[in-house]
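So the structure is just underneath, and the comments pick up after that.
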Amino acid sequence: MGRAVVSVLVAMGILVAPVSAEHGPDFDVVCPTGTAQVVLDPGHGGPDPGAVHATYGLYERDLNLEIAVRTAQILTDAHGYSVALTRVDNETELGNSERGAIANACGAMVFVEIHLNAAFDRGVDYSQTFWAEKEKDLAFSLVMNEALGSLAIPLNAIERFDNGGLLRAKMPSVLVEAVFLSNTNEAKDLANGTRQEGIAQAIATGVATWMSLNA
């Protein structure tokens with residue numbers, strides 16, 4: 001997601017404004033599973049649908065949750081990691097920093113924010129990851145970006161993004177923009193359910209690779 005696209009998405013209300021992790025409220029949150037090695041954050045939720053593809057009736061909020069659930073299943077079944085999700089329904093509304101605070105409450109080793117991208121040009125499609133703090137997040141972002149190569153679309157250069165969740169989380173954290181929901185072909189595949197598993201597999205591979213490198 002290049003800077004021009006970020007500006008467009010902010011104007012569309014798809015991305016929330018950055019929040020500093022060093023200031024602001026303390027959050028009264030708990031880990032949904034008590035503790036977890038991996039915390040997955042399905043982006044958006046509640047009244048915030050994220051990106052929308054009207055033709056297929058697709059909402060990023062719903063797809064992010066579906067992908068997160070599938071990713072958690074892979075990480076649990078294939079790799080044996082304990083996993084928690086910041087939300088498990090589409091009604092829950094969370095602020096960005098609150099999401100990072102949940103990862104802290106879980107004592108997680110990694111934190112992944114899961115999103116789908118959007119652009120006015122329906123032909124645009126690529127994967128990208130974002131990091132917030134260089135020493136904490138950059139290496140993990142590089143590993144995750146490489147894992148997203150399995151989606152067989154271009155990989156955009158990783159970028160820094162002052163996202164409140166990434167900043168609040170104390171562990172290596174990354175925001176994944178897996179594919180463009182606005183892309184005609186991606187929307188069709190997401191609508192018929194054939195793309196979600198591949199995205200989940202790619203994210204799980206990124207997490208598992210990072211965990212093995214840092215075991």
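Each value in this text was obtained by applying a stated rule to the coordinates, not by laboratory testing. If you're wondering where the values come from, they're calculated on a predicted model, not measured in any experiment. As a convention, Cβ positions derive from the backbone with ideal geometry for all residues, glycine included, and neighbour counts pool all protein chains shown.
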Between the stretch 103-157 and the stretch 54-77, the alpha-carbon center distance in angstrom: 15
Top of Ala118, Ala202, Ala54 by mean-square fluctuation, Gaussian network on the chain, Cα under 10 Å: Ala54
For the chain, the spread of Cα positions along each principal axis, largest first, Å: 40, 37, 31
Over the stretch 41-152, relative contact order from alpha-carbon pairs under 8 Å, at least 6 apart, %: 27
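First check a/c for the stretch 157-215, with a ≥ b ≥ c the square roots of the eigenvalues of its C-alpha gyration tensor; if it is under 1.5, answer rounded, and if not, answer prolate when a/b is larger than b/c or oblate otherwise. Kindly include the intermediate steps, with their values, before the conclusion.
On the way: a/c = 2.92, a/b = 1.54, b/c = 1.90.
In terms of gyration-tensor shape, oblate.
Is the stretch 24-68 best put as rounded, prolate or oblate by its Cα gyration tensor, with a ≥ b ≥ c the root eigenvalues, rounded for a/c under 1.5, and otherwise prolate when a/b is larger than b/c, oblate when not?
Values: a/c = 3.88, a/b = 1.86, b/c = 2.09.
Oblate.
Calculate the FRET efficiency for Gln73 and Asp121 from the Cβ-Cβ distance with a Förster distance of 35 Å, rounded to the nearest 0.05.
Numbers: r = 33 Å, r/R0 = 0.96.
Result of the calculation: an efficiency of 0.55.
Between Asp89 and Ala139, what FRET efficiency comes out of the Förster formula 1/(1 + (r/R0)^6) with R0 = 45 Å and r the beta carbon distance, rounded to 0.05?
Numbers: r = 33 Å, r/R0 = 0.73.
E(calc), rounded to 0.05, equals 0.85.
Mind putting a number on the dipole of the stretch 63-215 about its Cα centre? Charges go on the C-beta only, +1 for Lys and Arg and -1 for Asp and Glu, and I need it in Debye to the nearest 20.
Values: 11 positive and 19 negative charges, 47 e Å.
Dipole about the Cα centre, nearest 20: 220 debye.
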Likely footprinting exposure, Phe27, Phe180, Phe120, fewest C-beta neighbours within 10 Å first: Phe120, Phe27, Phe180
